[in-house]
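What follows is a set of notes on a single structure, which appears directly below.
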Amino acid sequence: MEEKWMKEALKEAKKAYKKFEIPVGAVIVKENKIIARAHNLKETKKTALAHAEILAIQKANKKLENWRLLDCDIYITLEPCQMCLGAIASSRIKNMYIGTLDPKSNEKKEEKILRYKEQYGINAKIGLMQEECEYILKDFFKNLRKNGG
């Protein structure tokens, strides 16, 4: 089932790619149903806050009419930044599934899993559909460099 939801997050990442946005997608699942989905829209919306995770959390809050996303899981194609990690923790999401890690990070996968649990109270699984999640990012940045971006 986890792979099914990450495939949905990848669909969102592909939407971002087509809009010339960094291709990151997120879905939030509750009781085996997607309640929110989003992709990066920083360039489109002209705001640093339009990360896939933040937008998905806002949609889930609206759908559930609650800021607490208890019993929800989030699937993200790329490891969340500090802002998004704080929002995930603040919204009380307990399980986070990450496709791939930020290649600039020096921290090992096991260290991150432990830190997410100890500092944020979030259970994390890293590397779900990792090849696919890495590929879309690498392809995006390769094309961006090729086109002078």
Tabulated pairs, region 51-74, first in contact (Cβ under 8 Å) with a residue 60 or more places away in the chain and among the acidic types (D, E), second assigned to a helix (DSSP H, G or I) and crowded, with 17+ Cβ neighbours inside 10 Å, C-beta under 8 angstrom, 6+ apart or interchain: D73/W5
State which residue is nearest to A50 (Cα to Cα) when the search covers only region 99-137 and only residues that are among the small types (G, A, S) and either touching a residue at least 40 places away in the same chain (Cβ under 8 Å) or not in a strand (DSSP E or B) (or both). G99
Scanning region 13-35 for residues that are under 10 Å from I136 (Cβ atoms) and in contact with a helix residue (DSSP H, G or I) (Cβ under 6 Å, 6 or more places away or on another chain), the one most open to solvent (accessible area, probe 1.4 Å) turns out to be Y17
I'm checking my understanding of the structure. Among residues of region 98-112 that are open to solvent by 30 Å² or more (accessible area, probe 1.4 Å) and either aliphatic (A, V, I, L, M) or within 15 Å of L85 (Cβ to Cβ) (or both), which one is modelled with the lowest pLDDT? S105
In region 41-67, residue nearest to K30 (Cα to Cα) [restricted to those that are of a type in the set (D, E) and open to solvent by 50 Å² or more (accessible area, probe 1.4 Å)]: E65
Taking interchain pairs and intrachain pairs at least six residues apart, which have beta carbon atoms under 7 angstrom, with the first residue in region 32-45 and of a type in the set (G, A, S) and the second surrounded by fewer than 19 Cβ atoms within 10 Å (Cβ to Cβ)? A36/K59; A36/K63; A38/K59
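The values are calculated or read from the model by the stated rules, or taken from the named source; none is laboratory data. These figures come from a predicted structure and were not determined experimentally. Don't worry about glycine lacking a Cβ; one is built from the backbone with ideal geometry, like all the others, and counts go over all protein chains shown. Ligands, DNA and RNA are stripped out before the accessible areas are found, and what is left, the full protein with its side chains, is counted by its heavy atoms. Shrake-Rupley method; radii C 1.70, N 1.55, O 1.52, S 1.80 Å.
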